[in-house]
1. Which cross-chain or sequence-distant (5 or more) residues have an amide H under 5 Å from the amide H of residue 701, H modelled 1.01 Å from N in plane?
2. Using the scaling law 2.2 N^0.38 Å as the reference, what is the normalised Cα Rg of the range 636-681?
3. Sort 425-433, 395-403 by packing, meaning the average of other beta carbons within 10 Å per residue, with the highest value first.
4. So how far apart, in nm, are the two label points at residue 458 and residue 546 if each is 7 Å from Cα heading toward Cβ?
5. Out of residues 5 or more away from residue 467 or on other chains, whose amide H comes under 5 Å of its own, with H placed 1.01 Å from N in the peptide plane?
6. I'd like to compare 90-99, 208-217: which one has the highest average count of other Cβ atoms within 10 Å, and what's the full order after that?
7. Could you derive backbone 3J(HN,Hα) for the range 391-408 from the dihedral phi with the Karplus parameters 6.51, -1.76 and 1.60 (θ = phi - 60°), listing whole Hz in sequence and x where the residue is Gly or Pro?
8. So what is the accessible area of the range 606-659 per residue, in Å², with the probe set to 1.4 Å?
Amino acid sequence: VADFGIALALSAAAGGRMTETGMSLGTPHYMSPEQATADKEITGRSDIYSLGSVLYEMLAGEPPHVGHSAQQIIMKIIAEEVQPVTKHRKAVPPNVAAAVARSLEKLPADRFESARAFAEALANPGFAAVGGARTVAGERFGRVGVSHRTWWATAALAAVAMIVAALGWLRPAPELELSRQRVVLWEHSLARLISAGAERAATRAAIAPDGSSIVFVDSVNGTLQLLRKLRGESKATPIAGTEHGVSPFFSPDGKWIGYITTDNKLRKIPVEGGGSIILAEQVNPTYAIGTWMDDGTIVYVGGGGFVGFMQRVSANGGVSRPLATDTSKTTSSILSISPLPGSRGVLFTTCPGNCAIESSVRVFDFAADSSRLLVANAAGASYASTGQLLYTDRAGGLYAMGFDPKRLVLTSESVPVLDGVVPGSFTMSASGAVLYSVGAGTGAPAELMSVARDGSAVPIDSTWRGDFGYPALSPDGKSLAVSLTDGPTHLWVRRSDGTRQKLTQDGTVNWRPAWTADGRSILFVSNRQGHGQNGYDLFRTPVDGSASATLLLHHTFGVWEGEFSRDGQWLVFRSDEEGGKSHIRARRLSGDTALAPIAVDKSVTLQVALSPDGHWLAYTGNATGRNEIYVTPFPAATSTRLVSRDGGTEPRWAHSGRELLFKGGGQLMSVDITPGPSLMIGTPRPLFSLAGYRSARNRQQYDVAPDDKHFVMIKDLGGITVGDVIYVEHWYPELLKKVKR
C-alpha cells in the first residue's frame, strides 16, 4: 500500500488521469458500498471506508466481508452489516473498535469526514459508540494514555489514507456488466421429470453459488440424469453417478451437489466428480424437493405418496428429524424449499389441496418450530442477500418484497421486478445469477396420440396441438373428450370425422371428463360456481350442446374427479379433505343418495376406475408409504387387494373386464384379471415405455380404446421449456434499482 512508486507508475501509464478514468486497483474486499453500486457521487469518505477495511483486516485477520466470488462479496458490502472487529479479536481497545465501525458505515455521511478525524479517533481512548452512533468524549480528540507506538501506527494509517485519496486509488470500479441471454438446457421430453409413472414435483435446475455453472436434469440415453453446464461452454456434461437423479441443489460452498433419486433417496456428490453418497431414504415420491442450509444440514420433503412433511438431516448423514409434529397437517403438498441466511429458517411453497389451483409462500421458523403465511397466491420464493423476498405470482411475473431474515417478517409492499416469468420457474444463486422461464405460462405444447400395445404410436390429429389433459374416449370410441388450457381450461370434443367442439364456456377450469354409458353426456369438474379452493363441483353436460351444464354434486371439500357406473346407478367421486387426505366416496343417483365411504382411511386414495361390470373399483393409494394400485369390491368395499408390486398409479380397466392397466416403473403395465367372487389377479407385466407421455397426480392422463389394443395418450412436444429460458448474471444492481424506484 505504501509503495508510492507503484502508484506513480500506474498514474503515468494512465496518462495522469487515474481519477478521471475511474480505474480501480485491488480486490472488491475494500470497496465502499457506493463504489460497489457504481454511484456517481463518490467522495473522500469512500476512501475512509477502504482504509477502515484495511485496518479491520490487519486487526481481525480477514476483511470485513468475505465470499466465494467478487459478486458475492459486493452483495455483502451492499446489504450486510459488518461484524464488530472484537468478535474476531477481543483484545482490540473499545475506541479502536468504535472508530473502525464508524469508518465502515454504509452511508458516507455516517463515516469520518477526513483521515485526520479517523486517526484522532483511533488515538483517543474516549472515542466510543453510544446508542448506535459513534461519538467523542469531549470537544477535542485527546491523546492521553496512548502509547508512542500506537500514535505512530495511526498516524501512518492516516498518511496512507491521504495519499490514497490524493492519487484516486480507490475510485469507483466499473459496474459488473449485466448479462442476459437465452439458454438451451433441456433437450428431451423426459426432462418433465415424469418418473415411475407418476407426476413428480421437482427442481429443474440449480446455479452454483458463484454463478460458475448450472446443474440441471435431463434425459441421457433414456434415463434421467444430472448434467453440468459451465460458464462459457455451449454443451453440458452428464455427471457420472447421478443416474435417476432429480432436484439438484448446491452446498453453500459450491463443492457439493445434493439431489434426490427416483427411488426416493437423498444423495450428494462432489461437484468435481466422485462417488455418490446416500444421506437419507424414504424421500417423498411426489414432492422431490431439498435445499442445503449454511449450517451443514439439508431440509427435504419426507413422507409417502401424496402427503409430505419437511425433514432435516446433517449433510454428513445421520438421523432425519421432522421440523414440526404438525407439519403433515399444514404442509401436505410442498412445491419448493429455499434457505434463509444463518439457518434461521426456510421459505417454502405449499398448497392446501390441488396445487394446480392454489399455492402460497410460507416461512418456517426453526427456533419456533412452526410456520406462518407470507404471500398468498404465490409460488417459488427465494431470499436475495440485498434484503428482498422474491416470488412468482401464480398469474405470472416476478415480485419483490422487503424481508427481515432475523425477524422473518415482511418489511415492504410488493414491487414487480420481472414481467412474464412463469410461476415457479425462478432460480437464483448467492452471487446474483438468476435463471427463469418467460412465456404464457400455460404449459408445454402436446399432441394426442394413439399408441398400440407394442408402443408404436401415430397422431390422432396432427393439426391439433395444445396443452391437453385427461383424455376420455366415448363408449363407442368415435369421440374423444379432453381438456385444453389456453389461459382458462375448457372441455373439447373431437369426433371421428375430424370436427371439434368446445363444450364449456363458464369458469376458468373445466376438466377431467368421464362419459355416461350411452355416450350422450359427459361428467366433468368445474370451478364455475366459485367458493375458493373448495369450489370445484361435478357437472354434467350433453355432448351435442343442446342444453347447459347442470350441477350434479357439491361437496364440502370440493370434488376433483368422478365416474358413473355403467348401469347408471352410481356416482363415484374423490375429494381432498382435511390434512391433505384424499378420500373416495359414492352415492346412488336415485333413491337413497346418502354418501357411502369406499376408500376412506388415514392414507391418500385417488384416481378412481370402476370395472365395466361395476363390481370392482381400482384406485391409487399410499397405505404402504408408496403409491400402489388397489382393488376393492363395489359398492361394499369389504376388502382391499394389492395389484401392483413395485409402485403404481393411474389404473384403467380394459373393456373386457379381464385386464387392468396402470403406470409403474416408467412403463404401462398390464395385469390379467379373472372375474368372480374372489377376483383372481395375475402378475404385472410391462407393455411399453411411457417416456415422453404425460402423467398426473389427480386423474388418469390416458384412456383405453374399445378394442383394448390401443391407448389414447398425450405426448409432450417441447420438453419442460415454456417460452424462453433466460439466464442473467450480475442481476442484483438491476433488482436494487427496481425496488428503490
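1. 696
2. On the way: Rg = 11.1 Å, N = 46, 2.2 N^0.38 = 9.4 Å.
Ratio of Cα Rg to 2.2 N^0.38 Å: 1.17.
3. In decreasing order of mean packing, 425-433, 395-403 become 425-433, 395-403.
4. Between residue 458 and residue 546, the simple spin-label model gives 3.4 nm.
5. 446, 485
6. Details: 90-99: 17.9, 208-217: 22.8.
Most protected by this proxy first, the peptides run 208-217, 90-99.
7. Here the 3J(HN,Hα) series is 8, 9, 6, 5, 7, x, x, 9, 10, 10, 9, x, 9, 9, x, 8, 8, 6 Hz.
8. Details: 1900 Å² over 54 residues.
Heavy-atom SASA per residue in the range 606-659 reads 35 Å².
The values are calculated or read from the model by the stated rules, or taken from the named source; none is laboratory data. Every value quoted in this text rests on a predicted model; they were computed, and no experiment measured them. Heads up, the Cβs are rebuilt from the backbone with ideal geometry, glycines too, and the neighbour counts pull from every protein chain shown. Please note that ligands, DNA and RNA were not included when accessible areas were found on the heavy atoms of the full protein model with its side chains. Shrake-Rupley method; radii C 1.70, N 1.55, O 1.52, S 1.80 Å.
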